[in-house]
Amino acid sequence: MTKKITISELINQTADRFSKADLHYGHGTANEFDEAAWAVHHVLDIPFGCPEERYQDLVSEKAFKDVQSLSNQRIKSRKPMAYLTNKMWFADIEFYVDERTLVPRSPLAELIQTEFIPWVEMSQVSSALDLCTGSGCIGLALAVYFPDVDVTCSDISKDALEVAKINRKSLGLENRVDLVESDLYKNLKRKKFDLIVSNPPYVAQSVVDALPEEYQQEPDLGLASGENGLKHVEVILREATDHLSEKGVLIVEVGLSEEALCLAHPQLAFIWLEFERGGEGVFMLTAKSLREYYSKI
């Protein structure tokens, strides 16, 4: 650094480097400027939303070099910034994250923050399951926002559950949230829940193989779901009534596999949810509608 620069100038300089490096975004940011701001805020340990005048502060030589180092890692490794900083936010809660799990980015966060209105009466929910929990973000956020709900988080991956365990401890939820190693419902012992929420693998393997390099850094186990992206959700649907209470509700994210799912089950009354902050491919079904559908086929 030949001369002192401000935080604002450093963010712009870093954004320019990212732009020239042709990075791909989608793990918490949508463009090079936001990605650069993340890097600078992380290194300088300043909160987002700080007063505008703070951005005119001068950057120390060490901080400048540290931002350069982090930027170089981002460019050379193509790793999402969340993996390089070991943090990501979901439903306004900070979570630890590393390469053992997907980077949290589900629109289900909006549902939790809006208390599932008008789809679920949360005052009537006493138990909830986060199926395919990964980092634990969905289930742990449920426990934070709804302290009267007993939450279970399950995942087939021991590595993912280790990450969820870190987050459970940091949020002080060790006595409120159960972590279960399970291939979907297999180890849940027919326990029933008032609410099942899941962000399972839902991408066709051929699509996963063609994703940008940033997505290739994530565990394939958390993304790929057979030839059509429906391998996991078919089991989730078929066995859901064994684990839903009489008036229970199932909410599942399937992303771009929405069309394929509707074609596979044209008579199933999916309710597709809409989001103010963006996101698609999330359906809701009641235990009643699932029982009626599977009793006829």
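Read-outs: derived from the displayed coordinates by stated rules, not from any lab. Everything numeric here is computed off the predicted structure, so don't read it as measured data. Note: ideal-geometry Cβ built from the backbone for every residue, glycine included; neighbour counts use all protein chains shown.
For segment 7-85, what's the radius of gyration and Dmax over Cα atoms, in angstrom?
Radius of gyration, then largest Cα-Cα span, for segment 7-85: 11.7, 33 Å.
Taking the Cα atoms of segment 43-193, what is the range of coordinates along each of the three principal axes, in descending order and whole Å?
Dimensions of segment 43-193 along the principal axes of its Cα atoms: 58, 32, 25 Å.
For the chain, set up a Gaussian network in which alpha carbons nearer than 10 Å are linked by springs, and say which option among 110, 121, 280 fluctuates the most.
Residue with maximal mean-square fluctuation among 110, 121, 280: 121.
Kirkwood Rh over alpha-carbon pairs of the chain, then Stokes-Einstein at 37 °C and 0.692 mPa s: what D in µm² s⁻¹, rounded to an integer?
161
Using Cα centres only, tell me the gap between segment 123-186 and segment 216-268 in whole Å.
Using only Cα atoms to place each centre, the spacing works out to 19 Å.
Under 13 Å from the Cβ of residue 144, count the other residues' Cβ atoms, weight Lys and Arg +1, Asp and Glu -1, and hand me the total.
The answer is -3.
Which percentage, to the nearest 5, of the DSSP beta bridges contained in the chain is antiparallel?
35
Mind telling me which of 229, 248, 279 comes out most flexible in a GNM of the chain, alpha-carbon contacts under 10 Å?
Result: 279 has the largest fluctuation of those listed.
Beyond 22 Å between alpha-carbons counts as too far, so tell me which of 158/189; 165/231; 158/288; 3/76; 20/65 fall in that bin.
Checking Cα-Cα distances, 165/231; 158/288; 3/76 exceed 22 Å.
Take peptides 16-28, 145-157 and line them up by average Cβ neighbours within 10 Å, highest first, as a rough protection proxy.
145-157, 16-28
Per the helix-only calculation at 222 nm, which mean residue ellipticity applies to the chain, given -39500 (n - 2.57) for every DSSP H run of n ≥ 4 and division by its residues, nearest 500 deg cm²/dmol?
Theoretical 222 nm ellipticity from helices: -10500 deg cm²/dmol.
What number, in percent, do you get for the relative contact order of the chain if the mean sequence gap of Cα pairs under 8 Å and at least 6 apart is divided by its residue count?
It rounds to 14 percent for the chain.
Cross-link partners among aspartates and glutamates for residue 169, C-alpha distance below 15 Å, same-chain residues fewer than 8 apart left out?
Leaving aside aspartates and glutamates fewer than 8 places away in the same chain, those within reach of residue 169 are 94, 178.
Only counting other Cβ atoms within 10 Å, I'd like 196, 112, 5 sorted with the fewest neighbours first.
5, 112, 196
If you count the DSSP beta bridges with both ends in segment 171-297, what percent of them are antiparallel, to the nearest 5?
55
Cα atoms only, segment 35-123: Rg and Dmax in Å?
When restricted to the Cα atoms of segment 35-123, Rg and Dmax are 16.7, 54 Å.
Most mobile of 211, 268, 195 per a Gaussian network model of the chain (Cα springs, under 10 Å)?
211
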